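Heads up: the structure comes next, in structure tokens.
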Amino acid sequence: LLGLLAGPFRSTEIPLLARFRAAFVARDEVRVAQLAAQLHALRGSRELQDEERRLGSAFARALVTLEVAEAAAFVHAPKASYVAMFGLAAATYAIDDHEAAAALSFAWCENQVAALLRLVPVGQSAGLRLLDAAIACIPRIVEEGLALSDEDIGFGAPTHAILCARHETQYSRIFRS
């Protein structure tokens, strides 16, 4: 968890969140589409691409219920993105990059720990300790992620991508995001 947070998450989600937020503030639909395509391409397996689309569509539906009209275009978009919708929410509610990135980071960590607790009998206390360790890393990771140039966005986590690709073809699966 901490490795993914400090590696791929820092190098992808955080800088792209800031760029999505800026594109939504500027009402630059072309830039939003470019960023969505970039994020989609950075997902290392079909499963990760599908997860991003499902989460993005669900977030878009939630924003539509909050009367964020721009979100409607993402409800059924083939490259809907959770990160993009987080950026839209940040733009809509005037949340700055640092606060939005910290919130996104915490939400991601909390979701990962919740999945761990459902899958592995580590116990609630161990889960809380892991979440506490992740929270302690978030300010540094946010600073580093927001400082990345366009050329530095992306990551290399081939084992993670291979495991995700293998998981997507399993006969039985525990849950799907």
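The values are calculated or read from the model by the stated rules, or taken from the named source; none is laboratory data. Small disclaimer: the values here were computed from a predicted structure and weren't measured. Note that each Cβ is placed from the backbone with ideal geometry, even for glycine, and that neighbours are counted across all protein chains shown. Accessible surface is based on the protein model in full, side chains and every heavy atom, while ligands, DNA and RNA are left aside. Shrake-Rupley method; radii C 1.70, N 1.55, O 1.52, S 1.80 Å.
For this structure, a couple of remarks:
- All positions within region 61-83 that are part of a helix (DSSP H, G or I) and within 14 Å of the chain's Cα centre (by Cα): Y82, V83
- When each of Y93, Y82 is tested for being in contact with a Leu (Cβ under 7 Å, 6 or more places away or on another chain) and of a type in the set (F, W, Y), the lone residue that passes is Y82.
- Single residue of region 1-38 satisfying the filter (polar (S, T, N, Q) and over 12 Å from A157 (Cβ atoms)) that is farthest from the chain's Cα centre (by Cα): Q34
- Odd one out for S57, checked against (1) in a helix (DSSP H, G or I); (2) open to solvent by 20 Å² or more (accessible area, probe 1.4 Å): (2)
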